[in-house]
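Reading through the structure tokens given below for one structure.
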Amino acid sequence: MTARRVVSLVPSITEALATVHPEALVGVTDWCTHPPDLESYGARRVRGTKNPDLAAIEALRPDLVVVNREENRELDVRRMRERGLRVEVTDIETVPEGVAELERLLDLLGWERPAWLAEARSLWCGPLPPVTRRVVVPIWRDPWMVVGPRTFTADLCRRLGWEVVQAQDPDAPDRYPTVPVEELDRCGADAVLLPDEPYVFTADDGPECFTTPVELVSGRALTWYGPSLVAAARDVARPTLTEG
């Protein structure tokens, strides 16, 4: 199979596929922000990751619709398959899984693997380094939600030598638990990492809640599994420091 019409409902995967054949991306979500010129290649917006326009997707006659187990709903996958659409579900919880899933997906599409993907494998898929510090990573406020240990972001941090901690049982089923902010501030972290997505933390929105040292980091570098992985070690490891 060499796919010529692909709908991607996963922003990270959209960016990854666009580095190979952007003209084949006929449908993307409103959250697919990279590359910023997707419409110039003919891509149509089909709403969000959790509320895709199924009729619009069907009308695009895709060879394949790409989704992710965490980002998209099982209900939408089932409904697309009932419409006769071919849907490929990716499942990514670690950086090596992200690299491997992208390799598998490109092979399934019949597309070549880009050079950045081999570089990402070299950078991120080796032995784990020693832990040098403990961090807590909020992704939302009011209520405060944090990255749990069984997530892509936690694994990326661990591969930088940072252990993600939280004020909750690490075996709890919720991968992004809600935790009172005062508990986050006393959970033993050396630093609080505040990304600029999905919640847009800034120097004026977030750091004031903590006495623990706070660092503003790139949300894309911390959470996306695509070409951003090549620069992620540099972008995450050089945060903007703020006063607690």
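If only residues of the range 41-84 that are among the aliphatic types (A, V, I, L, M), surrounded by 16 or more Cβ atoms within 10 Å (Cβ to Cβ) and out of contact with any helix residue (DSSP H, G or I) (no Cβ under 9 Å at 6 or more places or on another chain) are counted, the one that is farthest from residue 152 (Cα to Cα) is 60. Would the range 17-34 turn up any residue that is surrounded by fewer than 22 Cβ atoms within 10 Å (Cβ to Cβ), within 22 Å of the chain's Cα centre (by Cα), within 16 Å of residue 225 (Cα to Cα) and aliphatic (A, V, I, L, M)? Yes: the range 17-34 contains one or more residues that are surrounded by fewer than 22 Cβ atoms within 10 Å (Cβ to Cβ), within 22 Å of the chain's Cα centre (by Cα), within 16 Å of residue 225 (Cα to Cα) and aliphatic (A, V, I, L, M).
Remark: pairs (first residue in the range 120-140, among the acidic types (Asp, Glu); second residue at pLDDT below 95; Cβ separation under 7 Å; 6+ apart in sequence or on different chains) are absent. Condition (residue is loosely packed, with under 13 Cβ neighbours inside 10 Å, more than 29 Å from residue 122 (Cβ to Cβ) and at pLDDT 95 or above) applied to the range 169-192: is it met by at least one residue? So far as the range 169-192 goes, no, none of its residues is loosely packed, with under 13 Cβ neighbours inside 10 Å, more than 29 Å from residue 122 (Cβ to Cβ) and at pLDDT 95 or above.
The values are calculated or read from the model by the stated rules, or taken from the named source; none is laboratory data. On a predicted model such as this, the values are computed, not experimentally measured, just so you know. Virtual Cβ from ideal backbone geometry, glycine too; neighbours counted across all protein chains shown.
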